[in-house]
Amino acid sequence: LGLDVPVTTANDADLGALAEQRRGAGLGIDDLVYISGNVGVGAGVILGGHPLRGAAGYVGEVGHLRLGTEGRACHCGNIGCWETEVGGLAIAEAVGCPAEQVASLDGFLDGYTGPLEGLREIGEQLGGGLASLVNVFNPERLVLGGYFRPLFALVGDEVRRALPAPMESVSLTTPGLGADSVLVGAAEVALEPLLVDPVATMAQAVRDVPARLAG
């Protein structure tokens, strides 16, 4: 039995930012950037309490910021993208994680108690990119999600050293919701109509379900 049920899609970094701002490390903070490490690199940006989307929804594609004219080729076609320096493949190479396990890189990193030498440079590259984001968005808090959460636990000193001036105006932290930020954000989006106007939402459901079953 197929039902014509509305479906909403969203970017994982945007969902992480929403969840952390409402229920996690950014609770009560109106200016926040959530950095998502999930094979690639993305950011969810909330300024003045409102999420930024952009004209075509591309706000937050920070993995493709060009931090130099040299470096590895990126799948986007450019050279020197931030993602090629701090993305999942670069981290996996540094710690000897098989390429097929990049999707579960956060769990792989959780197995380490101290930084491998190859991760120190990645920590510095991460900090350098974060400094650029602070200069552009001027958030009160940066939240490092996905595989950046265990990475920060290993090379936090290297990350902080790469953005000393911006750290005077921003705090850097890992998700208050742990690995569940994106899932909680998805639940927020799905339930928001019900929470905003429960009577109207339930009334619409009562009308819609019989019509869809009949169809």
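The values are calculated or read from the model by the stated rules, or taken from the named source; none is laboratory data. Source: prediction; values computed, not measured. When we count neighbours, we look across all protein chains shown, and the Cβ atoms used for this are built from the backbone with ideal geometry, even at glycine. Surface accessibility is based on the protein's heavy atoms, side chains included, excluding ligands, DNA and RNA. Shrake-Rupley method; radii C 1.70, N 1.55, O 1.52, S 1.80 Å.
Tabulated data
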quantity	calculated
All positions within the stretch 30-48 that are open to solvent by less than 50 Å² (accessible area, probe 1.4 Å) and β-branched (Val, Ile, Thr)	VAL33, ILE35, VAL41, VAL45, ILE46
Residue, modelled with the highest pLDDT, within the stretch 155-165, restricted to residues that are open to solvent by 20 Å² or more (accessible area, probe 1.4 Å) and not basic (Lys, Arg)	ASP157
Whichever residue in the stretch 13-29 is out of contact with any strand residue (DSSP E or B) (no Cβ under 7 Å at 6 or more places or on another chain) and assigned to a loop (DSSP other than H, G, I, E, B) and, among such residues, is most open to solvent (accessible area, probe 1.4 Å)	LEU27
Condition check for ALA99: surrounded by fewer than 14 Cβ atoms within 10 Å (Cβ to Cβ), among the aliphatic types (A, V, I, L, M) and touching a helix residue (DSSP H, G or I) at 6+ places or on another chain (Cβ under 8 Å)	yes
Any hit, the stretch 171-190, residues being open to solvent by 20 Å² or more (accessible area, probe 1.4 Å), modelled with pLDDT under 85 and within 22 Å of GLY40 (Cβ to Cβ)	no
Pairs where the first residue, in the stretch 130-149, is of a type in the set (Phe, Trp, Tyr) and the second is surrounded by fewer than 20 Cβ atoms within 10 Å (Cβ to Cβ) and not in a loop (DSSP other than H, G, I, E, B), C-beta under 8 Å, 6+ apart	PHE137/LEU47; TYR147/ASP106
Criterion violated by GLN204 - all others in (1) in contact with a Leu (Cβ under 9 Å, 6 or more places away or on another chain); (2) at pLDDT below 90 satisfied	(1)
Residue identified as part of a loop (DSSP other than H, G, I, E, B) and either touching a strand residue (DSSP E or B) at 6+ places or on another chain (Cβ under 8 Å) or aliphatic (A, V, I, L, M) (or both) among GLY54, GLY71, GLY63, GLY111	GLY71
Cβ pairs under 6 Å, 6+ apart, first in the stretch 108-128 and surrounded by fewer than 21 Cβ atoms within 10 Å (Cβ to Cβ), second assigned to a loop (DSSP other than H, G, I, E, B)	PHE108/CYS97; GLU124/ALA162; GLY128/ALA162
Top-ranked residue of the stretch 49-74 - restricted to ones that are closer than 17 Å to LEU126 by Cβ and aliphatic (A, V, I, L, M), ranked as least open to solvent (accessible area, probe 1.4 Å)	VAL62
Flag for GLY77 being on the phi > 0 side of the Ramachandran plot, open to solvent by 60 Å² or more (accessible area, probe 1.4 Å) and assigned to a loop (DSSP other than H, G, I, E, B)	yes
Boolean, LEU89 is out of contact with any Gly (no Cβ under 8 Å at 6 or more places or on another chain), modelled with pLDDT of 90 or more, under 23 Å from ALA162 (Cβ atoms) and not charged (D, E, K, R)	yes
